[in-house]
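Heads up, the thing below is written out as structure tokens.
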Amino acid sequence: MTVIHVALDVPINQLFDYVAPDADSADIGRYAYVPFGNRKLAGIILSVSNSSLLPKHKLKIVDQINREIPPLPQSLLELFRFCSRYYHYPIGQVVMNSLPSPLRRPKYTINKQLTQTQEWKLTETGKAIALSDIPAKSKAKRQILSQLLEKGSITAQTYTAMSPYCRKLLYEFKHLGWIQQHAALPQKSTFSMTPIPEPTVEQTQAITEILARTDTFIPWLLHGITGSGKTEIYLRVTAPLLAQQKQVLILVPEINLTPQLETIFRKRFPDTTLVSLHSGLNDSERLQGWLQAQRGEAGIILGTRLAIFTPLSQLGLIIIDEEHDHSFKQQEGLRYSARDLAVYRARQANIPVVLGSATPSLESYHLARTGRYRLLQLHTRAVKQATLPAIRCIDMRITSAQEGLSEPILVALKQSLSQKQQSLVFINRRGYSPVLLCKSCHWIATCQRCSSRMVVHLHEKQLRCHYCGDQQPIVSSCPQCGDPDMLPFGHGTQRIESALIKQFPEASILRIDRDSIRKKTTWQTMLDTIHRGEVDILVGTQLLAKGHDFPNLALVCVLNADSSLYSTDFRAEEHLFAQLMQVAGRAGRAHIPGTVLIQTEFPQHPLYQSLTQQDYASYAQIQLKERKLAGFPPFSYLAMLRAEAPKLTDALEFLHQSIEIATISKEYTHIQLFDPVPAYMTRLKGLERAQLLIQATSRKYLQIFLSDWHQRISTLPTRNKLRWHLEVDPLTL
Ligand code: ADP
Ligand code: ZN
Ligand code: ZN
């Protein structure tokens, strides 16, 4: 009797056994379609044997094993197993959630078309139409047709970058007989070659060191100041590996950063197939990229955190850009860190991994300083004349402000305008104002479902909760005392935008935050406008702070940064420092010297002291010292048990019970369990949340303890709609 042990998308941490008469060990990693209860499910075969713990008569027979799709490689299955163990998450859910969704469906057959890149071409009718006049108001139509006419064809890669409506229009055109789909010839880049810069001395050193050993596991921490040309290093270490037919996996924190890097890599490697994998793709696009990666056809795989689970047969190098970024940690379901898994994968494949950042996470920095990672440093900007910007704090205790903008900032903006240089006003708060206040009785608009305040969105005439998305019309008078004098208190991007329009009516001002991006124009169009120099003043949130290279940007003004200075979360400060270094790093990247002005009420705070010196090392040292004293990571290892329920007492009670069953075993002296407390945002989406911090002196002890404890907790009864989860290595407390 042959039995296959299958990972299924079921919240139980076990494999499911099925009889499969014709299966053998070559089927490990293949897709199996099986009956489960009264459903049919797709799963992955993780092992094959000739026995089962279930009695024979209880075993069901597999419906089908899909031998058309190549099996997932052993190394990926190992990664899944590791993830399940380390994050204490059901194996089947680890496996299935990492797959492109078409592959999670039972009985998936690969559409022949999908195995090859498809492109659209004009038919004769189409050509005639494209040459004739399409009304000017049909902008998107004209854009597609002129692309088709100019380039001869258009692929998914190009049209997804153009507009979200493109796909729909293309099918419309197909219906009209204007265009047809063809299998694309191996892609050749249509980009004109841009000159490749000669690497600087520091860059050369880093490149040489990395390339000296590419046949063994070495974790590199590439610590280079903003504008030091880390991308050029990525490109230059990628080249020789591609020449050896190896694959390079590059992870970036945000989907918004992929098009930029994609363009840069495509230009440099026009003959290499590049696939990008991120949440902005539709099912079949992601599936196609995934299969190309698995078959080894794609040389470069660029993606956000989920791409860490891509099957790669020829993996030769992993690059994590902005390694300190919290987006690499998934915040729900399987709460994995793509950065940490990248290091695991590199060790497993015996290859180098490059972690790049201007402000490395203290964890990585500590590992580099203690010799577990190797440190590469870039101290100067890559562009010859570019220097680091001058950073200055504006003491808001003694400086007056109009609508949130202090005099020095207004003067600097004016000067920048007159010199035709771009400025960025950074305020990490979208909306008009974060609080709506009654002047008479001090009533504040709060969310009904969360312990948060409603943010005023004046353009949309709404109050919105940024945590649960709830929307209400703005109240015209106080619901508590009836006073009509309601005051929007504090500043958000919309309000700063209005203030700037009033101050500088002649300037072209562009607001970039999640609200403005959601509307019609795509992110790419906005970036193009900025690059063409059509914007004088940018107002934006952290969306703008990361990784962008705007050569004409000379002035950066930071408003309202203080709020995370005295947070209860020990990582909040590190996060703020990284964010401000990033945003400051946007200024003066090319030939114009940059200036950064920061409005603060705490100019003496060590964070601002290090920031104005642009001294990451000194800041890291101070922080590491504090962490050591407090016993926080990287000097300890954490996990968090969280519970949520309609009633806070139920959530807390559950955590107390968890502690009781934990203390039964006394051997865990390296483990400390803190008292259960309400979470910082106690109420979220109508549920009350509590948490319990677990601290350990070593990762190993933590894991030994958690494995046992997690099982015990799973046996606790959960009443009153209580839900819980365990997070390993939490980033926010
Ligand atoms: P980082 O990612 O380190 O902040 P980037 O990779 O964005 O920096 O590089 C900053 C700028 O420097 C880019 O415009 C890039 O084209 C340019 N650059 C990089 N390396 C060189 C070099 N060796 N010579 C001249 N310019 C360079
Ligand atoms: Zn009132
Ligand atoms: Zn809410």
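The values are calculated or read from the model by the stated rules, or taken from the named source; none is laboratory data. What you are looking at is a predicted structure, and each value in this text was computed from that prediction instead of being measured. All Cβ positions, glycine included, derive from the backbone under ideal geometry; neighbour counts span all protein chains shown.
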Check: Does any residue in the range 218-231 that is more than 6 Å from ligand 1 (Cβ to nearest atom) come within less than 7 Å, Cβ to Cβ, of a residue that is among the polar types (S, T, N, Q) six or more places away or on a different chain, and which pairs are these?
Finding: LEU221/SER364; HIS223/SER357; HIS223/GLN377
Check: So which strands (runs of 3 or more DSSP E) are wholly in the range 484-581 and hold at least 3 residues that are touching a residue at least 40 places away in the same chain (Cβ under 8 Å)?
Finding: 486-489, 537-540, 553-558
Next item on the list: Name the residue, out of THR387, THR380, THR370, that is surrounded by 17 or more Cβ atoms within 10 Å (Cβ to Cβ) and either among the charged types (D, E, K, R) or more than 16 Å from ligand 2 (Cβ to nearest atom) (or both).
Entry: THR380
Check: Considering only the range 345-364, how many residues are farther than 25 Å from THR732 by Cα and part of a loop (DSSP other than H, G, I, E, B)?
Finding: 3
Checklist line | Selection count where residues are in a loop (DSSP other than H, G, I, E, B), loosely packed, with under 15 Cβ neighbours inside 10 Å and either within 16 Å of ligand 3 (Cβ to nearest atom) or modelled with pLDDT of 95 or more (or both), scope the range 442-478 | finding: 2
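Condition first: hydrophobic (A, V, I, L, M, F, W, C) and either in contact with a helix residue (DSSP H, G or I) (Cβ under 8 Å, 6 or more places away or on another chain) or surrounded by 18 or more Cβ atoms within 10 Å (Cβ to Cβ) (or both). Now tell me which residues in the range 680-706 satisfy that. So that I can check it myself, show each step before the final result.
First, the residues of the range 680-706 that are hydrophobic (A, V, I, L, M, F, W, C): 681, 684, 687, 690, 692-694, 696, 702, 704-706.
Those that are hydrophobic (A, V, I, L, M, F, W, C) and either in contact with a helix residue (DSSP H, G or I) (Cβ under 8 Å, 6 or more places away or on another chain) or surrounded by 18 or more Cβ atoms within 10 Å (Cβ to Cβ) (or both): LEU684, LEU687, ALA690, LEU692, ILE694, ALA696, LEU702, PHE705, LEU706.
Can you tell me which residue within the range 439-467, out of those that are hydroxyl-bearing (Ser, Thr, Tyr) and within 16 Å of ligand 2 (Cβ to nearest atom), is nearest to GLN480 (Cα to Cα)? Even if it seems obvious, please write down each step before you answer.
Going residue by residue through the range 439-467, those that are hydroxyl-bearing (Ser, Thr, Tyr) are 440, 446, 451-452, 467.
From the residues that got through so far, the ones that are within 16 Å of ligand 2 (Cβ to nearest atom) too are 440, 446.
Working: SER440: 10, THR446: 13 Å.
So the residue we want is SER440.
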Margin query: I'm trying to understand the selection: among the residues of the range 567-588, which are of a type in the set (D, E, K, R) and either within 17 Å of ILE391 (Cβ to Cβ) or buried (at least 20 other Cβ atoms within 10 Å of the Cβ) (or both)?
Written below: ARG571, GLU573, GLU574, ARG586
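Every residue in the range 324-344 that is among the charged types (D, E, K, R) and not in a loop (DSSP other than H, G, I, E, B), please.
Within the range 324-344, LYS329, ARG339, ASP340 meet the criteria.
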Note to self: Go through the range 233-270 and report how many residues are part of a loop (DSSP other than H, G, I, E, B) and not charged (D, E, K, R).
What the structure shows: 6
Checklist line | Selected residue [of a type outside the set (Ser, Thr, Tyr), within 27 Å of the chain's Cα centre (by Cα) and modelled with pLDDT under 75] from MET193, MET162 | finding: MET162
